[in-house]
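Below is one structure, written out as structure tokens; the observations come after it.
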Amino acid sequence: MIKRLNSEKKIIQWIILLPIFGIILTSFILTNILINSKYESHKLEIEVLKQNHITSLKGKIKERIEHIYLLLDNSYNKDLEKSKKSVKDIVDVGHETLSNIYQENKTLSKKQLYKIIDERMRSLRFFENKSGYYFIYDLKDGISISLPSAPFLVGKSLKKLVDKNGKNLFDSYGKILDEKGEGYDTWFWNKPNSKEKLEKIGYIKKFEPLNIGIGTAVYVDDLKQEISKNAINFINQLHYDDDGYIFVIDKKGKPLVHINKEIVNIPLNQLSKKTQENVSNIITKAKRSNGSFIEYTQAKKIFTKKLNSFKKISYVKHNKLLDWVIGTGLYTDKLNEQISKKRVQLKEKLQDDILSIVLLSLTVTAVVIFLVILLSKKVKKVFRFYSDSLEHNNKELHRLNKELSRKVDVQVTKLRDKDIVLNQQAKLAALGEMLGNIAHQWRQPLSAISTLASGTRIQKDMNMLNDKQLDANLESIVESTKILSNTIDDFKNFYSKDKDKHVFTVEHAISKVLSLISANIKHSEIELILDIKDISIVNYENELIQALLNLVNNAKDALEDKTYQKFIFISSYAKKKNLVIEVYDNAGGIEQSIIDRIFEPYFTTKHQSRGTGIGLYMTKNIIESSLKGHINVQNRTFTFKEKEHVGALFTIEIPLK
């Protein structure tokens, strides 16, 4: 009793202390979780600030470059059209000059007139660099009338003159003049003092009175230089409040526009290696995409003695018309300043949050501990009440267990007696089956013995019996008695119980079944249909024979009163690691309302005088308990000999080993 009281005190102490310890531990864990959550939240705020700043920065610089890119494209196209219009205007002036020369000298011969035209026109120069001149030729035979760039060709035919790409200029000009009388054309020619093949834009116009053509042309490269100059002046005038600037790099990496004027027009190879790498990377990315962001580290002033490098984000885009890379970028040093300020703010806020969390946690923990102590006192009273109740209930339970044990022993005894009766009835049923089968097996040899004995006596009475005939009759009687003896041996072997599992073939087991019951089957005018695969198994052979014998007898009894042609089918085959044996008939099957009950003891579908209701029960018991397999039954509809049949199908499945 004292031990029990001490044990109860310890339990009550643990009931009080464990919740308190649990509350303190939980409070500690939750506090740490909340603090870590705050740390993560603050980290996330800094990351969001960083991402938002970079996203905003990228959007701003991209918008600037896309806007400038569009302006440059529009400006280029406008300046190009303006330049082309200027070339046309110059040709129109030349055409008017030709008209005046013609009016003044139209009475002269063509040769004299052509000479005057050459003298008057070849000295005319135009364009800013004075590189422009008129070329005049005869449209019929291609004779050059005036060609200041190649005066040695004057008076010679230009019909076979081709540009640097092999384009025939006489044919090309002629097609334009034939269709419209004037128009633009392009071709490639070497620029003076240069071996580089460059594109030219020209305008040609027909002078009808003399059937001659007049034209002039300008190098596209000269136009681009003028357009580029205007574009650079425009970009240099752009200014932004956030210290942003536009930079322009030509195809060779030379800066054309930059906030640091010291590097403008400086060849790339004269800049620092780091700058060369950045510029090369910028050009490569810009040409590979239709606008690209690029991040790199660079000093704000490239040629300072102390290089304080910062991370820079730029947006670059390749302008195909000018073959430039245009870009702008912003340094992230301001972002770092913002992040530093934010970190200080968040650190202060975090310290306040941690202090609040700790104070709140301590307060809640103290309140909960106080409540637990109050509750534990009530629990102590309840515990004692239930402890006393439990002791009383244990005594009552002990009494009930004794009573239950007594009743279980009584019921077990009854069940054992019932099993003894069942086994006795099964033995009697098997004995009855055996005697019936022996009677059928003995009927033919006994009839033969009776007939031979009667015949021998009649032959003796009629003096017809000789020694040879007597020996033959006696030999036949001996053979018949051997059949009787073998029948007894077969049944004796069948009913001897196997002690150990052994290897046998299913064909051998089924042949034994048929040897025991074949006479009875023939007597009932039933045809056996066999489809047996010769499969070896390890099990109790006599147990399997007894189960199969019960199923075949059951099928025979079901067909007993049928007047049509009767069949029993037995088949066997291997399925994975199991042997499957199927036994079915054409007796019409089993009613669906009772098919699930046919393996129950004392349940029979036969007349009381012909069935005990334990055959299928014992069969199921043998297959599942002894052979470690299982059996099921179902009705089957099948076609045999071109006729549809219905019968009960019993399927046995047992392991091969």
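The values are calculated or read from the model by the stated rules, or taken from the named source; none is laboratory data. The structure presented is a predicted model; accordingly, all values stated were derived computationally and were not measured. So basically every Cβ, Gly included, is an ideal-geometry build from the backbone, and we count neighbours across all protein chains shown. Keep in mind that these areas ignore ligands, DNA and RNA; they rest on the heavy atoms of the full protein, side chains included. Shrake-Rupley method; radii C 1.70, N 1.55, O 1.52, S 1.80 Å.
Table for the structure above
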quantity	calculated
Cross-link reach list, aspartates and glutamates versus LYS156, counting only Cα pairs under 14 Å and skipping chain neighbours closer than eight places	ASP118, ASP138, ASP141
Contour excess over end-to-end distance, with Cα ends at LEU470 and LYS407 and 0.36 nm allotted per residue	15.3 nm
Share of carbon and sulfur in the accessible heavy-atom surface of the stretch 50-98 [1.4 Å probe, %]	51 percent
Cβ-based net charge around VAL154, under 13 Å, with every Lys or Arg adding one and every Asp or Glu removing one	+1
Distance between the stretch 157-204 and the stretch 236-301 - C-alpha centres, whole angstrom	38 Å
Amide N proximity, the stretch 68-85 versus LYS320 label position 7 Å along Cα-to-Cβ, cut-off under 15 Å	70, 73-74, 77
Proximal lysines to LYS378, defined as alpha-carbon separation beneath 22 angstrom and excluding residues fewer than eight positions away on the same chain	LYS9, LYS10
Accessible surface of the stretch 143-240 [probe 1.4 Å, protein heavy atoms]: carbon and sulfur percent	51 percent
Neighbourhood net charge (12 Å Cβ-Cβ; Lys/Arg +1, Asp/Glu -1) for ASP171	+1
Sites GLU66 and VAL367, calculated FRET efficiency, Cβ-Cβ separation with R0 56 Å, nearest 0.05	0.35
Percent antiparallel among DSSP beta bridges (both partners in the stretch 506-580, rounded to 5)	35 percent
Long pairs among LYS82/LYS320; LYS140/LYS191; LYS43/LYS274; LYS205/LYS229; LYS164/LYS252; LYS224/LYS312, criterion Cα-Cα beyond 22 Å	LYS140/LYS191; LYS43/LYS274; LYS205/LYS229; LYS164/LYS252; LYS224/LYS312
Rounded accessible area per residue of the stretch 520-657, 1.4 Å, Å²	52 Å²
Residue order for MET464, MET121, MET618 - accessible surface, 1.4 angstrom probe, largest first	MET464, MET618, MET121
Only Lys, Arg (+1) and Asp, Glu (-1) charged, at Cβ; the stretch 18-114 dipole about Cα centre in debye	280 debye
Lys, Arg +1 and Asp, Glu -1 on Cβ, resulting dipole of the stretch 145-257 about Cα centre, debye, nearest 20	780 debye
Label-point gap, in nm, between SER86 and GLU47 - each point 7 angstrom along Cα→Cβ	5.8 nm
